[in-house]
Amino acid sequence: MKRNLLITCVMLLFAVVSMAQNKITVSGVVTDKTGETVIGASVRVKGQENMGTITDIDGKYQIPGVPANATLIFSYIGMKEQEVALNGRSTVNLMMEEDSQLIEEVVVVGYGSAKKRDLTGSIVTVKAAEIASKPSTNPLASIQGKVAGVQVINTGRAGQDPEIRVRGTNSINGYTPLYVVDGLFTDNINYLNTADIESMEILKDPSSLAIFGVRGANGVIIITTKKAKEGKTQVSINGSVGWKKVTDRVSLTNAEQFKMLYNEQRMNQGGDPYDYTVWNADTDWQDEMFQTGFLTNNTVSITASGDRSKFYLGLGYVMEEGSIKSEKLNKFTVNLHSEHKVTDFLRFGFQVNGVRALYPDAKGVGSALKAAPIAPVYDAESGLLHTLPDFQRAQVWNPMIEPVLRGAHNKSANYRMAGNIYGELDLMKNLTFKATFSLDYASSQSRSYSPLIYVYNPDVEGGKERLTDKESISQSKSTSMAAQSDYVLTYINQFGDHGLTLTAGLTTNYNEYSDLSGGRSQLPGYGVPIGEDIDKWWITMIDDATSATNGGSQYKRFTMSYLFRALYNYKNRYLLNASYRRDGSSVFKRTGNTWDNFYSFGAGWVMSEEAFMKKQNVIDYLKLKGSWGVLGSQNTGGSRYPAYPNITSSGSAVFGDNVIAGKGPDKLISQTLGWERNYSWEVGFDMHLLDGRMQISPVYYNKTTKDLLTSVPGLSGTVPALQNTGEIRNRGFELAASWSDKIGENWRYGVSANLTTIDNEVVSLISKDYSIINGVSRVSEGYPIGYFYGYKVAGVYQNETDIETSAPNQVASVKPGDLKFADVNGDGIISEKDRTMIGNPTPDFTYGFSVNLGYKNFDLSVDMMGVYGNEVYRNWDSSAYAQFNYRTGHLNRWHGEGTSNWDPILDPSRSVNLEASSYYVEDGSFFRIRNIELGYTFDPRLLNRIKLQSLRIYGNVQNPKTWSRNTGYTPEVGGSATAFGVDGGGYPMPVVYTLGFNLSF
């Protein structure tokens, strides 16, 4: 018996050894739960770095030379990773299981990550694939219209950052959200390459924001850049080329129309028609200034891993020409990550993102809107740029002076390196400690040359005229540094039906900034001629020290914080979230408010886990959620030291024959000055229906910022005081919904939409009679922030009888053809008391809509977005001091009784028509097709033959069409926290066409 047992064991051992040595070819088909084949699923041999493949268009795979006892690993986006032991089999068919995006998805939150199912707040994840192929130098521009509650105001200017407002404008002192890049707090992400971004999380609710303390009130956008991954070595190359052009232009009069209107205007003013003898051109200045700009975006990345180390390197180059001639952006980026596993419980790594950016010498389009079309661009004989007619040349220059004679005369170079080193230690099975040291260093320098400007003027002898007296050079340099350290403990455990995740930590953040600037100028004929020699564009080339100017600024700031977060669930059904942060900052140390506390609480109920929900098959997943919290706002109105007044000149005193200049503080500081505080809450639910094909997430939010840092006017003859007073509220609904499905074996489709309503109100300020005034924009109690203030237009006075029967105008004397203002307060006269709100730059709601179609290897996506209910104030086409070209709308002006009841007479001397009024207010609502993309992914079977892993080619059109009612270039008009939506001419939004590819091997 013993002998037989021994023989059996030997034979089994021999079989196992033989199997281990045998090499077989493994094949099979991968499907999903519906039986549809899965295309592009990864199939690799566990422990064999270079042995693997992906499924073809029929879901099939084949791997030769596989050890008979190996284990296969199957993975695919949106599916659970599965391991299957071969045990000698040569055929393995697998049905992959879906990994529910909302139930199991892990999202990045403050100081760690968490399963989305355990969270009670509103966190939206934007994946890399959604923005990677979009032609935007700043990744944030590509999320426009994609995320509920996030308003993105883009600009067509190359290299300029978009404006981001999360759930409205929360303060009079700022609106910019906090950006967190790989754990590092920063104010912008323009140094990142879009291709280096792995994911982007937008945090909007108090439950997720409170852990960011004084930086959380305006929302947080967390960026995770690409890192090394386990698996075989992979090289990816992404490239695109394209061009852009301005198609939506401002409608202005041509030469014939201008002559007619200008002559009429002169006659209205009692003058004679203008002599156009030498002014007979018909120039479209917009045509002259704009160009078809070319752009290219190229990245190369490589990732590799060994038994204990992982490595990722990404290099990028972006070139983009502006819509205005002479503008050009160049940007070089690098992303480097490495991680080494010392032991199974100790890991070290580092992450670095760097950029060298040469930003364009940005030009404006204002002069192209103002210049008369009757002037030629050049004088044919001399070759000089032509001056403009005498009625505007003192205020408006030939628009081509900037791009031609001054273009590319500002040479700037910006360098930035941001990254971290970290160590992670598993103290126990469920307890991890991580220490991270981050540094963000930026250096910017620029030098500019302002040349002598010569033009042709037919009104001067010889024709050649010099417009500038001197040539000048200026230089500037700035450096900034942010150093951050994070020490975080994370505990994750499951106690039967109880799940618990605890996070506690200590973090410090130090910021410093300094800049210096200087300049010199010289008369022609003195010193060394500078000219167009770039090597001479240094201030040391001008030796006239008497013309020297200089300036500088600097600041330092330090914050230290303690933080804690708890995520609890019972049976994955009942959820509780709590966060706390105690911030200590140098900003308000002088007033004794160094430390402040911020906190939040959230609760959720996963109803779909209840027994009574198991009897239906419509709702797959339903979570009710809500949260409340107190958030901090670091906005200090541009003052780096709000607790300290500036010392300024303050009168003088006479002592005998001596006059002594006085000095004093420019403001009084409240001894209780501290941070603004935002009280925020929201309720909503997440729901999946019909086997996950439909998802709906509605939310109601309410945010109230109290203790606004406000300058309170002093009594007569005294300086103002800075204190915490005032309150701003934002509230509204957010809705995100999507549907995705398949039709047959070859067709797939999906639609998604989002909607956000915004109700903004300044609940209180200093008093009902106090307003913060910034041009036509105002901030007043009981009104939305930054509303437009002026007179409501009731029509145009048609004749003297109309004037006599209307309320007397005490604002200015009026004549037929002038604007008629409404008697708002009903006192029978028109006075300054009739001024009221004439427009609101905050939209009633914003929305986005996307459609995705797929047929076999083809894919098509269309993104649309829009804004409704806001107004834009037109501020670029009128002046009492200069003559501009006319909008074509002036062709409908009043020029006799009954000819117009809206556009007034052409006469800039009629001051009443230049008053801020609803005549200048335009509808800011618009709808835009934001992006259209068509792509084709090549068959993996074909690519395998040429040793490629994947290849996709695509064509993209951005901003192909915008429907709007304003007269400017774009209805997207940003600004500050208290003055936005005022259109001063702006910059056009071009249509961008790109062709590109994504290749990996």
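The values are calculated or read from the model by the stated rules, or taken from the named source; none is laboratory data. Remember, it's a predicted structure, so these values are computed and weren't measured experimentally. Quick reminder, even Gly has a Cβ in these numbers, built from the backbone with ideal geometry, and neighbours come from all protein chains shown. Quick note on the areas: whole protein, heavy atoms, side chains included, nothing else; ligands and nucleic acids left out. Shrake-Rupley method; radii C 1.70, N 1.55, O 1.52, S 1.80 Å.
Checking the table 60/80; 244/411; 470/667; 204/477; 80/434 against a 30 Å threshold on Cα-Cα, which pairs fail? Present the calculation step by step, with values, prior to reporting the outcome.
Details: 60/80 18 Å; 244/411 24 Å; 470/667 39 Å; 204/477 36 Å; 80/434 28 Å.
With Cα atoms farther than 30 Å apart: 470/667; 204/477.
Rolling a 1.4 Å probe over the heavy atoms of the protein chains gives the range 497-590 an accessible area of 53 Å² per residue.
Just to confirm the filter: which chymotrypsin sites (Phe, Trp or Tyr not before Pro) across the range 293-359 are DSSP coil and have at most 16 other Cβ within 10 angstrom of their Cβ?
Values: sites: 294, 311, 312, 317, 332, 345, 348, 350; in loops: 345.
When the chymotrypsin sites (Phe, Trp or Tyr not before Pro) of the range 293-359 are filtered for loop state and at most 16 Cβ neighbours within 10 Å, 345 remain.
Shown are 860, 452, 567, whose ranking by accessible area with a 1.4 Å probe and every protein chain present, most to least, is 860, 452, 567. Note on the range 632-653 and the range 506-536: Cα centroid distance 27 Å, given to the nearest whole angstrom.
Put 415, 787 in order of accessible area, highest first, and with a 1.4 Å probe you get 415, 787. Compute the angle between helix 255-268 and the longest alpha-carbon principal axis of the chain, please, reported from 0 to 90 degrees and rounded to the nearest 10. Taking the Cα atoms of the chain, the angle to 255-268 is about 40 degrees.
Could you tell me how far the Cα centroid of the range 140-172 sits from the Cα centroid of the range 861-926, in Å? For the range 861-926 versus the range 140-172, the Cα centre distance is 26 Å.
The calculated FRET efficiency for the pair residue 657 and residue 911, based on their C-beta separation and a Förster distance of 51 Å, comes to about 0.65. Only protein heavy atoms count here; under a 1.4 Å probe, residue 222 has an accessible surface of about 10 Å². Ordering 324, 669, 492 by accessible surface, largest first, gives 492, 669, 324; the 1.4 Å probe counts only protein heavy atoms, with every chain in place. Scanning the chain for GluC sites (Glu not before Pro) lying in DSSP loops with no more than 16 further Cβ atoms inside 10 Å, the longest uninterrupted stretch between such sites is 746-896. A straight Cα-to-Cα reach below 16 Å connects residue 370 with the lysines 259, residues fewer than 8 places away in its own chain not being considered.
Identify the trypsin sites (Lys or Arg not before Pro) of the range 912-983 meeting these criteria: DSSP loop state and at most 15 other C-beta atoms within 10 Å of the C-beta. Could the numbers behind the result be given before it?
Working: sites: 928, 930, 941, 945, 947, 952, 961, 965; in loops: 947, 965.
Taking the range 912-983 and a limit of 15 other Cβ atoms within 10 Å, the loop trypsin sites (Lys or Arg not before Pro) found are 947, 965.
For residue 755, the accessible surface of its heavy atoms amounts to roughly 70 Å² (probe 1.4 Å, protein chains only, rounded to the nearest 10). Axis of helix 2-21 versus longest Cα principal axis of the chain: the two differ by about 30°, to the nearest ten degrees.
First check a/c for the range 104-226, with a ≥ b ≥ c the square roots of the eigenvalues of its C-alpha gyration tensor; if it is under 1.5, answer rounded, and if not, answer prolate when a/b is larger than b/c or oblate otherwise. The shape class here is oblate. Of the trypsin sites (Lys or Arg not before Pro) found in the range 837-889, the ones in coil according to DSSP and having at most 16 other Cβ atoms within 10 Å of their Cβ are 856. Of the accessible area of the range 362-486, computed with a 1.4 Å probe over protein heavy atoms only, carbon and sulfur atoms account for 52 percent.
Each of 270, 611, 199 was placed along the dipole of the chain (beta-carbon charges, centred on the mean Cα), and the one lying farthest toward the positive end is 611.
Between the C-alpha center of the range 678-743 and that of the range 269-337 there is a gap of 35 Å. Which of rounded, prolate or oblate describes the range 513-625 when judged by the alpha-carbon gyration tensor and an a/c cut-off of 1.5? Note, shape of the range 513-625 comes out oblate.
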